[in-house]
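S.K.: Sharing a structure below in structure tokens format, with a few things to ask.
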Amino acid sequence: MKTAVTAARTDKNAAFDSRFGRCGAFHIYDDNGFVKAIDNTAAASAHGAGVAAANIVVEEGVDSVITGNAGPNAFRVLQSANIKICRSTASAIPEAVEKMKKGELEEIGSPGAAGAGMGGGRFGGRR
């Protein structure tokens, strides 16, 4: 199983970012652990960040996403690609991944508000 986790930055010790479209990066994990981190180039988009971010993780071939919120357009793209979307409130990415493996994360069944990640999100912007 391959999972993308929304993160504040690309460095391996970055904090979890609850925003999807405007997160700073995606940390990619597989069954063996951390694989890589990729910059979310969609985060700076004036419009359509969620869709562009969703396309980034679809291209990575992930089976699931761990985030805090996914707007309606991103949600549709992920759902149409059969990517499971799970909500986490963890501040540490490895903790969120472990909870996912144990089946302890809530699956997001409906989209959040459009543009919810604009204006800084959980950490007041990138760290």
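All of the numbers you see were taken from the coordinates with simple rules; none came from a lab. This structure is a prediction, so every number in the text was calculated from the model and none was measured. Please note: Cβ atoms are built from the backbone with ideal geometry, for glycine as well, and neighbour counts cover all protein chains shown.
S.K.: Can you say what percent of the DSSP beta bridges in the stretch 3-118, counting only those with both residues inside, are antiparallel? Round to 5. Could the numbers behind the result be given before it?
M.R.: Working: 15 of 22 bridges.
Rounded to the nearest five, the antiparallel share is 70 percent.
S.K.: With the cut-off at 1.5 for a/c, could you classify the chain from its C-alpha gyration tensor as rounded, prolate or oblate? Show your work: numbers first, answer last.
M.R.: On the way: a/c = 1.38, a/b = 1.17, b/c = 1.18.
It is rounded, given that a/c, with a ≥ b ≥ c, falls under 1.5.
S.K.: I've got another one for you. Where does the chain land at 222 nm, in deg cm²/dmol rounded to the nearest 500, when only DSSP H runs of n ≥ 4 count, each adding -39500 (n - 2.57), divided by all residues? Each step should come with its number before you reach the end.
M.R.: Numbers: 3 runs with 29 residues, N = 127.
Result for the chain: -6500 deg cm²/dmol, rounded to the nearest 500.
S.K.: Calculate the FRET efficiency for A81 and K12 from the Cβ-Cβ distance with a Förster distance of 22 Å, rounded to the nearest 0.05. Show your work: numbers first, answer last.
M.R.: Numbers: r = 26 Å, r/R0 = 1.18.
The computed FRET efficiency comes out at 0.25.
S.K.: Report the charge-dipole magnitude of the chain in Debye, nearest 20, computed about the Cα centre from +1 at each Lys and Arg Cβ and -1 at each Asp and Glu Cβ. Mind showing how you got there, number by number?
M.R.: Values: 15 positive and 13 negative charges, 68 e Å.
It comes to approximately 320 debye.
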